[in-house]
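Engineer: Have a look at this one.
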Amino acid sequence: MNQYVNKKFSTQYKATIGADFLTKEVMVDDKLVTMQIWDTAGQERFQSLGVAFYRGADCCVLVYDVNTPKSFESLSSWVDEFLVQASPRNPDSFPFVVLGNKIDVDESKRMVSARRAHQWCESKGGIPHFETSAKEAINVEQAFQTIAKNALAMESDVELYSDLNDPIRIDNDSTNDFGGCAC
Amino acid sequence: MEVSNSHNDTPGVPAKLLFSKSKVFVKPSANTKIPGILAIVERSPGDYLLAWKPESSIPSDEAQKFDEAVSDDKPATVTVPEPTVISEQQSPYAFSTGLKAIKSISVKPPSLNQWYGSMVINFQSGESSPPLWFHDDESPSTILQRKAGQEETSERDNNSTVWGGDEIIKRLASLVNVQKSNEQGYLYILNNDQNLTLPTAPVKKQRPLSASFADAPKVDKQAATSSGRARSSSSSFNQALSYGVYPMPPPSFMGGIALPPSAIGESVFDPPRMDPLVATLKEAKWNLLEKFSQVTRFSRNTAGQTFNAHSTAPAQFLDHPLTRPIVPLLPPSVQSLANNETVKATMDDYDSARVFLAKWAAGLANQSEKSEPFDQRYRHVGIWGHDDWEEETALGVFEVLNSDSDNSIPVHTRTSPVTLEQWNSFFDEQGVLSVGQPYVREAVFRGCLAADARKDAWLFLTGVFPWDSSEEQRELIKKERRDAYQSLKKQWQDVPEVTGSEEFCEQKHRIDKDVHRTDRSVSLFANENLPNPGSSMYTSTNHHMEVVKDILCTYNVYNKELGYVQGMSDLLTPVYAVVIEEELAFWAFVGFMDRMQANFYRDQSGMHRQLLTMDMMLQFMDPSLYKHLENTESFNLFFCFRWLLVWFKREFSWEDVLSLWDVLFTDHLSTQFHLFVALAILDQHRNVIMDHLKHFDEILKYINDLALTIDLDETLQRAEILFHQFQQRMEAVDKKRSDLKKDIKEHPGWSDAERRMNTKSEMDKLPHINALLRSLLDNSTSSNSENTPSTRSRANSMLSDDAKSRDDDSFVHLEKSSPQ
């Protein structure tokens, strides 16, 4: 998140407590989009308080550590948790993006192969998958471009079908993203 | 007297519109705002009326005339209410009055504490209008006027920082004789009868300047003629700030109001100018909002919210709202401010125009507050938010408590830190405390601890050492605690069954990751001079980080039900850095966790409880801010989460955290003094939050970004004052309730039925005080809870499912009993 927005990476980032977000303007198909990228605490027990932030999200970004199988294995439960809490209009087509982070670490430590992650994403209906390094700024820009694009696509879908009594929270020039940073 | 109180059936009288101002609000209560139009009209030559009517009562075809009246010299005919002080058919607040019926006008220009300026019209009859609030930045007429100003000469730019009250007074002064009272700062007397001798100052053509400010007028005049905006150039701006004298308004102050020169004639007077700081801010807000309104969510649809006053964004006439670096967009006067470090820092961290402005306003307010004489600085602490509440609660008592002249306004008692020498003097030759525990707690509360006295003190305050122990006993305790720690540590270290288990590995990984990102800028934890023993860690480590990991792993085993939870590493590092000895640091941490562990419960009941207490406290202490938070959907107070979870660890610098925890450990005034610290921070920023931040995400961002900018001393002073005010209010409510009860008891007769009913309804209006709110008054003496094991076992029992459900029940109960 910081790599993407501020072009900075520091080993001294603190663990997120509560919730925070950064904003970033991106051009998607000639359209200026302001993304709000939310970050909530990683440990499950704090999720009950993060619920408020799931609602109204346009895209959910799930991050695992390619060197920690556990973080990959818990992706399914995060997807379920998110869909329950956010209760989006179309849970089946709600955009997720999966990022396998920390590919800068020695290849010998790698525990989750790109193939395995890819398969899982396919099984979930073709979730876009990127392998990234926040530290080395690998694939970060591309990943967020996809996130913005998918979020925007989802928004125009909703606009098409939304009824007036239930206005969506997001207006034309901003989209919300929930980024569950699991590392 | 011209006021006629006749209530005609006719909706109003036609009149020539001379001047009008829209978005002039009447605010009958904290969350009701009625937008209206304040207008000066001419009914027949020489017969002028001043009228306010709610915008809702204005036909749409007429609304435009009102908007255009300021920028257009062409007379327009509009309908105003029949002259009457109160015209109840339209709105209880609408009025229309002949200028001769106005005795005086009291004016409050915008200030750093009050973003919008206001005025009250005092009629000859002795009645007064409600305060009229000028929301210039929402007023279409002002927006049009500004737009016109931008297209014209630099002279016209001067109107950019004129506020609505200025314009009204100026315009009135062109019609009738207006004099400034020399008794009160901003009282203007409309002197219709020249023979009357009112206690007014003669109208001055120029404001006398204090000697120390003698050089400034030249600068100002030059600036004013060359460029209006340069008027508040840094030199005069700073002088104005340091001398507390405002630069003279430039000659072209009349701005967009086209007055014939003759009209100005004799009526030149000191206009109620706003503080140049505020003027600069207001100007900046205009420019920023214009440029950024589409980028930010300013124009976001706020339907369904009570606060929709801001939906009239000046976005229509904006062309390309692309984000650009901010500085070049700012007027020169503001650019010079950008050299200020605080402002620079906020600019670097720009997120949205509103959050940006809020931060900036807070920075300036802070600077200006600091320049106030010390004894004045906290006069207003905690007196907020009760303007309307007295009426609602029929309490009246708060008025007394809040009055500026009242001697009961609490003061803080902050003093210098307890030195090691002083600390040692608290003990006798055997090392037994001789001054009494409350004395020690109070001394530490008031002054914090010197660094060299902290280790011993924290071992007492966290419950490792009993307060009545002797030196000899403490040596025994140390030995016993060391052994106990080592045997706990052995339960996991070098035990493959434990360290190999999936559960342990997961926790160990979590601990490793967190320790490597906790306080790494503190020298103790900064170095990486050891290879990392953790198999999944790719960075080097150092001795202290490894000890912290061991302590956390041991705690994970010691408190099995809870285990390690994120946030605990933040709580341990200061304790470890102060105590340094691994074993004792562990037990000090255990003592600390006894009071903190509820924050980490799986069901979040501890945090829920804290936020609920905070919620009720805020509602009790600052209903206006509370309403605002409710309207922004921030009522869950989630933005306080981090503060409360780790005791402000992330909000203050390392040294300040140690000092703050000194205070919090004492439980001197309250075992939950940290909630008063939270209230103090909110109190400090409440005006900025209420004026600038309209959505929960903006508030969250603003609060998160306060980290490392909060002045600890000031916050502690404020928190102490707020505690005493809280206590006073609780007592006042209790007393009122018991008085009313007594009154009911003493009037049992049937003839007193009505009186009893009234008394009862008065009682119902009293703020509800429940157990959570009352618990804020518990302290070390009253509760006797000294971080003893008993509190821990009680807390632990809450972890069992059975106990948890009981606890949930109590929440339901508490929520039900809290008002709303």
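Engineer: Kindly list, by first and then second residue, each pair from a residue in region B:538-558 that is under 21 Å from A:ASP65 (Cβ atoms) to a residue that is open to solvent by less than 10 Å² (accessible area, probe 1.4 Å) and part of a helix (DSSP H, G or I), limited to pairs with Cβ atoms under 6 Å and residues at least 6 apart or on different chains.
Structural biologist: Note: pairs meeting the criteria are B:MET545/B:VAL515; B:MET545/B:PHE525; B:LYS549/B:ILE511; B:LYS549/B:VAL515; B:LEU552/B:ILE511.
Engineer: Inside region B:139-190, can you point out the residues that are at pLDDT 80 or above and assigned to a helix (DSSP H, G or I)?
Structural biologist: B:GLY164, B:GLY165, B:ASP166, B:GLU167, B:ILE168, B:ILE169, B:LYS170, B:ARG171, B:LEU172, B:ALA173, B:SER174, B:LEU175
Engineer: A further question follows. Return only the number of the condition from (1) farther than 24 Å from B:ASN704 by Cα; (2) buried (at least 21 other Cβ atoms within 10 Å of the Cβ); (3) touching a residue at least 60 places away in the same chain (Cβ under 8 Å) that B:ALA585 does not satisfy.
Structural biologist: So B:ALA585 meets the others, but not (3).
Engineer: Assess whether A:ASP39 counts as being within 24 Å of B:ASP603 (Cα to Cα), touching a strand residue (DSSP E or B) at 6+ places or on another chain (Cβ under 9 Å) and not aromatic (Phe, Trp, Tyr).
Structural biologist: Yes, satisfied.
Engineer: For A:ARG45, which of the numbered conditions (1) more than 9 Å from chain B (Cβ to nearest Cβ); (2) over 17 Å from the mean Cα position of the chain (by Cα); (3) of a type in the set (Lys, Arg) fails to hold?
Structural biologist: The number of the failed condition is (1).
Engineer: Can you confirm whether B:LYS742 is farther than 20 Å from B:LEU637 by Cα and either touching a residue at least 40 places away in the same chain (Cβ under 8 Å) or surrounded by fewer than 18 Cβ atoms within 10 Å (Cβ to Cβ) (or both)?
Structural biologist: yes
Engineer: I'd like to check something: does region B:693-700 contain any residue that is within 14 Å of chain A (Cβ to nearest Cβ), open to solvent by 20 Å² or more (accessible area, probe 1.4 Å) and either assigned to a helix (DSSP H, G or I) or at pLDDT 90 or above (or both)?
Structural biologist: Yes, region B:693-700 has at least one match.
Engineer: What do you reckon, is A:VAL84 over 23 Å from B:ILE511 (Cβ atoms) and open to solvent by 50 Å² or more (accessible area, probe 1.4 Å)?
Structural biologist: Criteria met by A:VAL84.
Engineer: Which members of region B:447-481 meet the condition of being more than 28 Å from B:HIS412 (Cβ to Cβ) and touching a residue at least 60 places away in the same chain (Cβ under 8 Å)?
Structural biologist: Within region B:447-481, B:VAL464, B:LYS478, B:ARG481 qualify.
Engineer: Inspect region B:564-576 for any residue being open to solvent by 40 Å² or more (accessible area, probe 1.4 Å) and either farther than 22 Å from B:ARG454 by Cβ or within 14 Å of chain A (Cβ to nearest Cβ) (or both) and give the result as yes or no.
Structural biologist: No: region B:564-576 contains no residue that is open to solvent by 40 Å² or more (accessible area, probe 1.4 Å) and either farther than 22 Å from B:ARG454 by Cβ or within 14 Å of chain A (Cβ to nearest Cβ) (or both).
Residue by residue, here is whether (1) within 14 Å of chain B (Cβ to nearest Cβ); (2) over 20 Å from A:THR16 (Cα atoms); (3) out of contact with any His (no Cβ under 6 Å at 6 or more places or on another chain) holds:
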residue: A:PHE72; (1), (2), (3): yes, no, yes
residue: A:LYS109; (1), (2), (3): yes, yes, yes
residue: A:CYS121; (1), (2), (3): no, yes, no
residue: A:GLN142; (1), (2), (3): no, yes, yes
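Engineer: OK, next. Of the residues in region B:623-638, how many are in contact (Cβ under 8 Å) with a residue 40 or more places away in the chain, open to solvent by 10 Å² or more (accessible area, probe 1.4 Å) and either under 15 Å from the mean Cα position of the chain (by Cα) or over 16 Å from B:ILE681 (Cα atoms) (or both)?
Structural biologist: 6
Engineer: Of the residues that make up region A:74-81, is at least one surrounded by fewer than 15 Cβ atoms within 10 Å (Cβ to Cβ), away from chain B (no Cβ under 12 Å) and polar (S, T, N, Q)?
Structural biologist: yes
Engineer: Residues that are within 13 Å of chain A (Cβ to nearest Cβ) and not hydroxyl-bearing (Ser, Thr, Tyr): does region B:553-560 have at least one?
Structural biologist: For region B:553-560, residues within 13 Å of chain A (Cβ to nearest Cβ) and not hydroxyl-bearing (Ser, Thr, Tyr): absent.
Engineer: I'm trying to understand the selection: among the residues of region A:6-33, which are farther than 27 Å from A:ASP104 by Cβ, touching a residue at least 24 places away in the same chain (Cβ under 8 Å) and open to solvent by 20 Å² or more (accessible area, probe 1.4 Å)?
Structural biologist: A:ASP29, A:LYS31, A:LEU32
Engineer: Considering every residue within region B:624-637, establish whether at least one is within 9 Å of another protein chain (Cβ to nearest Cβ) and on the phi < 0 side of the Ramachandran plot.
Structural biologist: yes
For every residue, the table says whether it meets (1) over 21 Å from B:LEU488 (Cβ atoms); (2) in a loop (DSSP other than H, G, I, E, B).
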residue	(1), (2)
B:GLU561	no, yes
B:TYR564	no, yes
B:LEU572	no, no
B:TYR576	no, no
B:ALA585	no, no
B:ALA588	no, no
B:PHE592	no, no
B:ARG602	yes, yes
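Let's see how each residue does on (1) among the charged types (D, E, K, R); (2) away from chain A (no Cβ under 14 Å):
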residue	(1), (2)
B:ASP494	yes, yes
B:CYS505	no, no
B:LYS508	yes, no
B:ALA526	no, no
B:SER536	no, no
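The values are calculated or read from the model by the stated rules, or taken from the named source; none is laboratory data. This structure is a prediction, so every number in the text was calculated from the model and none was measured. Note that we place each Cβ from the backbone using ideal geometry, even for glycine, and neighbour counts take in every protein chain shown. Surface accessibility is based on the protein's heavy atoms, side chains included, excluding ligands, DNA and RNA. Shrake-Rupley method; radii C 1.70, N 1.55, O 1.52, S 1.80 Å.
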